[in-house]
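Engineer: Below you will find the structure I want to go over with you.
The values are calculated or read from the model by the stated rules, or taken from the named source; none is laboratory data. Just so it is clear, the model here is predicted, and its values are computed rather than measured. Cβ: placed from backbone, ideal geometry, glycine included. Neighbour counts: every protein chain shown. Just so you know, the surface numbers come from the protein's heavy atoms only, side chains and all, with ligands and any DNA or RNA stripped out. Shrake-Rupley method; radii C 1.70, N 1.55, O 1.52, S 1.80 Å.
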Number of protein chains: 2
Amino acid sequence: MRRASPELLKEVLREAERLAVPTEEEQERLNTVMTSVLDAVRSVFSALDGFVDASVEGSAAKRTWVKSRPEVDVFVRFSPLVSREKLEEIVVRYGIQALESAGASWRLRYADHPYVEGVLSGVAVNVVGCYDVQKGGWISAVDRTPYHTRYVASRLDDRLRREIRLAKAFAIGTGVYGAEIKIGGFSGYLMELLVLRFGGFIDLLEDVSRWRAPKVIELTGELGEGKALTLFPRSSLVVTDPVDPMRNVASAVTLTKLSEFVLASKLFFTFPSIRFFSPPNPSATYANRDVLAILFDRPQGLPVDTLWGEALRFVRSVSSRLSREGFEVRRWAVEGVEDSVLALIELDSHELPANELRVGPPVWMESAFDFLEKHSSDVLTVAGPWVSGERLYVLKRREVRSAVELTKRWLRDQSVSIPKDLEAPLKRADVLRLDGESLMRFRSMGFERFLDNFLDGRPPYLRGP
Amino acid sequence: MRRASPELLKEVLREAERLAVPTEEEQERLNTVMTSVLDAVRSVFSALDGFVDASVEGSAAKRTWVKSRPEVDVFVRFSPLVSREKLEEIVVRYGIQALESAGASWRLRYADHPYVEGVLSGVAVNVVGCYDVQKGGWISAVDRTPYHTRYVASRLDDRLRREIRLAKAFAIGTGVYGAEIKIGGFSGYLMELLVLRFGGFIDLLEDVSRWRAPKVIELTGELGEGKALTLFPRSSLVVTDPVDPMRNVASAVTLTKLSEFVLASKLFFTFPSIRFFSPPNPSATYANRDVLAILFDRPQGLPVDTLWGEALRFVRSVSSRLSREGFEVRRWAVEGVEDSVLALIELDSHELPANELRVGPPVWMESAFDFLEKHSSDVLTVAGPWVSGERLYVLKRREVRSAVELTKRWLRDQSVSIPKDLEAPLKRADVLRLDGESLMRFRSMGFERFLDNFLDGRPPYLRGP
């Protein structure tokens with residue numbers, strides 16, 4: 001592997017630091033927000049039955065957030081005696097009250113369970129409920145978070161905070177940051193653990209540039225790599241959780257995102273550049289492209305990972321149906337903007353050839369006669385049936401050749417997988433071929449960045465000047 | 001399997017007999033030709049060194065030819081002391097003289113070795129040279145023929161002659177007759193052996209309708225079926241030669257022709273019809289078809305099996321090159337008429353999609369960088385490179401999309417297999433897409449039957465009314 005000069009690398013890192021490390025002023029602002037929201041939460045929740053305490057967790061508590069992305073997570077801990085339904089109800093009701101009393105805007109969100117999200121002085125604020133449990137006695141999915149915060153925070157110093165911020169900024173800039181199903185990348189906690197493990201950003205990148213899936217990083221000291229691998233056999237990356245040895249912190253990381261991280265790391269050492277932290281704009285062309293677009297309404301009140309799980313499953317199903325029909329599916333992607341979801345599937349062509357070859361049974365099978373009877377005098381038969389090898393074949397005229405028409409038909413007769421929550425929106429879906437007009441319409445709806453990224457196709461750090 | 005009534009079957013067989021069994025008059029004519037050619041050959045060859053005797057062999061000697069297809073093969077037998085070169089020279093020189101003195105027209109042909117072919121009173125006549133050897137002491141490929149004639153003739157009676165003629169007429173009518181490479185079907189001798197083995201035409205067909213490749217019929221009584229199969233492992237049909245246990249009489253039969261025979265036999269019992277002996281004309285359409293045509297001169301002075309071996313190899317090579325390039329090859333065929341050879345290849349489309357997906361190496365390979373360098377800033381890159389799974393991909397604009405243009409290019413740069421004898425003719429080949437104009441031109445050249453058969457695609461017995 002060719003390597004750029006150490007001077008160039010240092011220069012790029014200095015520049016990256018200016019992008020990744022928050023200013024004093026941003027830090028001050030976060031402190032103020034943290035204090036006022038925590039105070040408001042404590043005063044609203046403290047009188048409630050089962051309330052134990054509230055605390056700031058996550059990147060604000062650890063001071064590891066990336067510049068311009070401050071976020072305060074306030075965790076309200078309850079006694080395990082409170083039921084899950086009760087906890088959810090209380091968090092929503094009093095979380096809203098607390099944010100209002102602190103002067104923040106708010107809206108309801110759904111993840112594993114509902115939480116309240118708000119903004120105060122330009123800082124994102126979340127109020128999340130969890131159970132106050134001993135290590136290992138997890139009840140809800142977020143009960144580990146306070147332990148994660150303490151594990152990381154107790155191992156940090158100012159240098160490591162800077163290294164973590166550089167690593168997160170690199171992951172954001174290269175498009176591999178985020179453990180949501182829609183992204184399938186690296187969570188903040190995962191990036192922190194990796195920097196701690198390798199001692200710094202550049203040391204982490206050095207190691208990553210040599211990774212190959214499946215990759216195991218055993219942090220608990222209790223399992224060993226082999227054991228960890230057998231525990232998580234379908235993971236591309238296994239990073240065991242020091243707080244819970246039975247959990248893979250990297251379970252969300254897809255093979256694609258892992259590979260993108262590996263490639264970006266290798267490229268960074270050969271061509272160090274600030275573009276890995278601050279990506280250039282995509283340059284898109286849609287001439288000579290055959291892109292099928294499906295636009296539908298975003299169902300409301302659904303946890304985001306449920307929505308994207310279902311949306312990805314749907315688009316995957318349409319893609320594989322198109323493949324089976326004879327189209328070549330090059331790539332696909334799906335994105336949501338406000339109340340709309342747009343799926344794009346790039347094909348080799350928007351229509352299939354006029355005729356299609358049907359493969360029949362071997363002549364020695366009983367069903368050979370049925371094949372002959374079905375096709376010999378059919379009006380759609382163009383040539384044959386004929387024998388080649390020991391099988392029958394026939395060439396048939398296709399009734400429907402267009403990807404758009406076929407997809408509309410499959411949506412009507414449900415011959416593609418239509419997840420429950422998407423049933424109603426997909427009934428009214430807009431299926432069309434991407435052209436100048438629809439491109440303009442989608443851009444005006446807020447999909448411009450998604451469209452440009454899709455049509456360009458390159459990961460951000462590979463984009464031209 | 002449904003079966004038609006025995007009455008209908010009998011009626012069809014009566015009608016078929018009228019098509020298959022020669023008239024008294026045709027028999028007389030053949031006798032006259034036989035006598036005069038044999039006399040002429042004897043008188044011309046008898047004075048020559050090494051001449052042993054001349055005799056009539058094949059279907060004329062056995063009286064098993066099919067009506068309207070009389071053919072007289074005169075074999076001139078020489079002592080093994082005569083060299084092959086000498087024998088070939090003598091047969092050509094004096095064969096011509098003999099045919100001329102009998103009043104026949106003639107022309108030179110090449111098979112395993114040269115022979116002289118003529119026509120006298122509407123009867124085809126061949127003068128072939130062979131060695132007078134003991135069983136098993138074969139020198140040339142045709143030395144077995146006199147033994148074949150004697151083996152069959154000694155087992156025939158008038159009923160069996162009629163059965164053989166029906167069987168041959170069925171094979172001719174269904175398109176499976178002929179052991180030449182170009183056809184890959186059943187020879188006359190093979191049909192005779194099969195009728196002898198099963199005792200009659202209908203009994204043969206009954207058995208064939210239940211065949212499945214690889215099928216073994218052991219006639220020598222020396223090998224057993226298992227041994228015969230291991231001796232000829234690549235044959236679809238093995239019929240051991242009673243005259244030579246180490247020879248498979250059916251070695252020319254392809255899996256396709258065997259399967260066609262099986263299918264025709266099954267169909268005959270369900271829908272008995274004279275069409276199995278006298279096939280209806282094909283009905284062809286070329287609308288919405290994408291057929292690539294390659295027309296070239298037939299090289300002269302080549303044994304037919306050499307020519308068709310090379311021609312088939314060439315067309316197969318173009319077909320698989322087209323497949324690799326992204327076309328779907330549905331079927332292909334090749335035919336010669338006079339001095340021209342025409343190859344037809346039916347495709348899904350005459351042009352490929354505008355863009356093509358290129359699959360790159362996994363990101364962890366050294367060559368990943370080369371792939372990125374090659375494609376990242378290439379003018380033909382439409383989208384990407386991107387990462388999916390652990391591999392790189394890129395979408396490229398195609399420079400040449402047309403099957404015709406690509407094939408012309410491959411002929412120029414020899415990136416398809418071009419057999420030695422076709423090199424010169426293919427340099428001047430005409431490569432084009434079949435359309436109304438070229439169709440008319442090819443028809444006027446004598447390819448009408450070939451074109452109609454190809455475009456129809458059905459075996460003759462499956463053609464509509």
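Engineer: Could we say that B:Arg391 is facing another protein chain (nearest Cβ under 8 Å) and on the phi < 0 side of the Ramachandran plot here?
Structural biologist: yes
Engineer: Search region B:434-465 for residues being over 24 Å from A:Arg358 (Cβ atoms) and among the basic types (Lys, Arg), and hand back the single one that is nearest to the other protein chains (Cβ to nearest Cβ).
Structural biologist: B:Arg449
Engineer: How many residues, within region A:43-67, are among the hydroxyl-bearing types (Ser, Thr, Tyr) and open to solvent by 40 Å² or more (accessible area, probe 1.4 Å)?
Structural biologist: Number of matching residues: 2.
Engineer: Return only the number of the condition from (1) outside any strand (DSSP E or B); (2) buried (at least 20 other Cβ atoms within 10 Å of the Cβ); (3) not hydrophobic (A, V, I, L, M, F, W, C) that A:Asn126 does not satisfy.
Structural biologist: The number of the failed condition is (1).
Every residue, every condition in (1) of a type in the set (S, T, N, Q); (2) without any contact (Cβ under 8 Å) to a residue 24 or more places away in the chain; (3) not assigned by TED's automatic domain parsing to the domain that holds A:Arg441, yes or no:
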residue: A:Leu223; (1), (2), (3): no, yes, yes
residue: A:Lys227; (1), (2), (3): no, yes, yes
residue: A:Ser235; (1), (2), (3): yes, yes, yes
residue: A:Thr306; (1), (2), (3): yes, no, no
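Engineer: Where residues in region A:97-122 are over 23 Å from the mean Cα position of the chain (by Cα) and open to solvent by less than 30 Å² (accessible area, probe 1.4 Å), which of them is nearest to A:Glu71 (Cα to Cα)?
Structural biologist: Per the stated criteria, the residue is A:Leu120.
Engineer: Continuing with the same structure: Can you tell me which condition A:Ala383 does not meet? The list is (1) part of a strand (DSSP E or B); (2) open to solvent by 30 Å² or more (accessible area, probe 1.4 Å); (3) at the interface with chain B (Cβ under 7 Å from one of its Cβ atoms), and all the others hold.
Structural biologist: Status for A:Ala383: all satisfied but (2).
Engineer: Here is a follow-up. Which of the residues belonging to region A:140-160 are modelled with pLDDT of 95 or more, assigned to a loop (DSSP other than H, G, I, E, B) and not acidic (Asp, Glu)?
Structural biologist: Listed by number, the residues that qualify are A:Arg144, A:Ser154, A:Arg155, A:Leu156.
Engineer: Checking B:Ser283 against (1) over 20 Å from the mean Cα position of the chain (by Cα); (2) under 29 Å from B:Glu17 (Cβ atoms); (3) away from every other protein chain (no Cβ under 14 Å), only one condition comes out false. Which one?
Structural biologist: (3)
Engineer: Look at region B:61-87 and say how many of its residues are part of a loop (DSSP other than H, G, I, E, B) and among the basic types (Lys, Arg).
Structural biologist: 3
Engineer: B:Lys257 passes all but one of (1) surrounded by fewer than 16 Cβ atoms within 10 Å (Cβ to Cβ); (2) assigned by TED's automatic domain parsing to the domain that holds B:Gly185; (3) not acidic (Asp, Glu); which number fails?
Structural biologist: (1)
Engineer: Please verify whether region B:399-421 includes one or more residues that are over 16 Å from B:Leu342 (Cβ atoms), within 14 Å of chain A (Cβ to nearest Cβ) and open to solvent by 60 Å² or more (accessible area, probe 1.4 Å).
Structural biologist: yes
Engineer: While we're looking at this one, here's another question. Just one of the numbered conditions (1) within 30 Å of B:Tyr461 (Cβ to Cβ); (2) part of a strand (DSSP E or B); (3) aromatic (Phe, Trp, Tyr); (4) open to solvent by 40 Å² or more (accessible area, probe 1.4 Å) is not true of A:Trp332; which one?
Structural biologist: Failed condition: (1).
Engineer: Give the residues of region A:44-60 that are in a helix (DSSP H, G or I) and over 18 Å from A:Glu89 (Cα atoms), sorted by residue number.
Structural biologist: If the condition is that a residue be in a helix (DSSP H, G or I) and over 18 Å from A:Glu89 (Cα atoms), then A:Gly58, A:Ser59, A:Ala60 are the ones that fit.
Engineer: I'd like the residue in region B:328-355 that is within 8 Å of chain A (Cβ to nearest Cβ) and of a type outside the set (Lys, Arg) and, out of all such residues, is farthest from A:Asn288 (Cα to Cα).
Structural biologist: That would be B:Glu346.
Engineer: Taking the conditions exactly as written (under 21 Å from the mean Cα position of the chain (by Cα), part of a loop (DSSP other than H, G, I, E, B) and not assigned by TED's automatic domain parsing to the domain that holds A:Met34), does A:Ala179 satisfy them or not?
Structural biologist: Yes; evaluated as a whole, the condition is true for this residue.
Engineer: Could you tell me which residue of region A:247-277 is nearest to the other protein chains (Cβ to nearest Cβ), considering only residues that are small (Gly, Ala, Ser) and not in a helix (DSSP H, G or I)?
Structural biologist: The qualifying residue nearest to the other protein chains (Cβ to nearest Cβ) is A:Ser273.
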